[in-house]
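The values are calculated or read from the model by the stated rules, or taken from the named source; none is laboratory data. Being a predicted model, the structure only gives us computed values, none of them experimental. Because the Cβ atoms are built from the backbone with ideal geometry, glycine has one as well, and the counts that use them run over all protein chains shown. What goes into the accessible areas is simple: the full protein's heavy atoms, side chains included, and nothing from ligands, DNA or RNA. Shrake-Rupley method; radii C 1.70, N 1.55, O 1.52, S 1.80 Å.
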Amino acid sequence: GENVEQHPSTLSVQEGDSAVIKCTYSDSASNYFPWYKQELGKGPQLIIDIRSNVGEKKDQRIAVTLNKTAKHFSLHITETQPEDSAVYFCAAKDSGGYQKVTFGIGTKLQVIP
Amino acid sequence: KAGVTQTPRYLIKTRGQQVTLSCSPISGHRSVSWYQQTPGQGLQFLFEYFSETQRNKGNFPGRFSGRQFSNSRSEMNVSTLELGDSALYLCASSFGGTGWSSVANEKLFFGSGTQLSVL
């Protein structure tokens, strides 16, 4: 089955700096890569996603890049703000119709004001 | 549009008991997935239901079961509770189309979860 590795497990940045979270996946059949943000006491919320036919996608301060050959994908947050502090999960899903999504272990991001 | 609703929010049970958790998906969503979240293991996939049928199952023992009703609401049951079952149980809904579905079909929307504590 799919295995998703995520690092770092914790990340502290100064407000205004950039944050990068990296993930690798094992199943070459995976073609959908979402990223989720989980705030304390809440469920994960989808913040950005990318399909395997796209190398990069950007949404305001958030961007995701995908390297299919290396099976790497990364989340980039620019101009970080205190409200970006949360746990971020990367995930991967294969092309099958079933909604089995494999998640990384999570990265706890702390933005220091 | 109402989000995914999970009830109850908190549960305290003792070993050996059973528990039933409920999930109401977003209106129009036909797929409901369940995940177990623990600090050490992250989010682990339990199972997914689509149109009242279990389509996929994770690597959990048979004590974990679920079902989906005709209105897409889903329940998850854990029998003979063990201390290790203490976790946040998350439900996620999606349109859940099959095959080469659009990204819209694949987006998962999570509820706030049910925090289960087994004493």
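Quick notes on this one:
- Residues being of a type in the set (Asp, Glu), farther than 23 Å from A:GLY41 by Cβ and open to solvent by 20 Å² or more (accessible area, probe 1.4 Å) are represented in segment B:80-103 by at least one member.
- Residues within segment A:78-113 that are away from chain B (no Cβ under 14 Å) and within 13 Å of A:TYR36 (Cα to Cα), tallied: 3
- Selection within segment A:40-57 - under 17 Å from A:LYS71 (Cβ atoms) and surrounded by fewer than 19 Cβ atoms within 10 Å (Cβ to Cβ): A:ARG51, A:SER52, A:ASN53, A:VAL54, A:GLY55, A:GLU56
- Residue within segment B:52-74 that is in contact with a strand residue (DSSP E or B) (Cβ under 7 Å, 6 or more places away or on another chain) and over 27 Å from A:GLU2 (Cα atoms) present: yes
- The combined condition, being within 13 Å of chain A (Cβ to nearest Cβ), open to solvent by 40 Å² or more (accessible area, probe 1.4 Å) and either part of a loop (DSSP other than H, G, I, E, B) or over 21 Å from A:ALA92 (Cα atoms) (or both), is fulfilled by B:GLY40.
- Where A:GLY16 falls short, out of the listed (1) surrounded by 13 or more Cβ atoms within 10 Å (Cβ to Cβ); (2) more than 14 Å from chain B (Cβ to nearest Cβ); (3) assigned to a loop (DSSP other than H, G, I, E, B): (1)
- Looking across A:GLU56, A:GLU2, A:GLU39, A:GLU15, one residue alone is charged (D, E, K, R) and touching a helix residue (DSSP H, G or I) at 6+ places or on another chain (Cβ under 8 Å). It is A:GLU15.
- Test set (1) within 13 Å of the chain's Cα centre (by Cα); (2) surrounded by fewer than 15 Cβ atoms within 10 Å (Cβ to Cβ); (3) of a type in the set (S, T, N, Q) - A:ASN67 fails condition number: (1)
- Whichever residue in segment B:43-53 is more than 8 Å from chain A (Cβ to nearest Cβ) and touching a Lys or Arg at 6+ places or on another chain (Cβ under 8 Å) and, among such residues, is surrounded by the fewest Cβ atoms within 10 Å (Cβ to Cβ): B:SER51
- Test for B:PRO61: is it out of contact with any His (no Cβ under 8 Å at 6 or more places or on another chain), within 15 Å of A:GLY43 (Cβ to Cβ) and open to solvent by 20 Å² or more (accessible area, probe 1.4 Å): no
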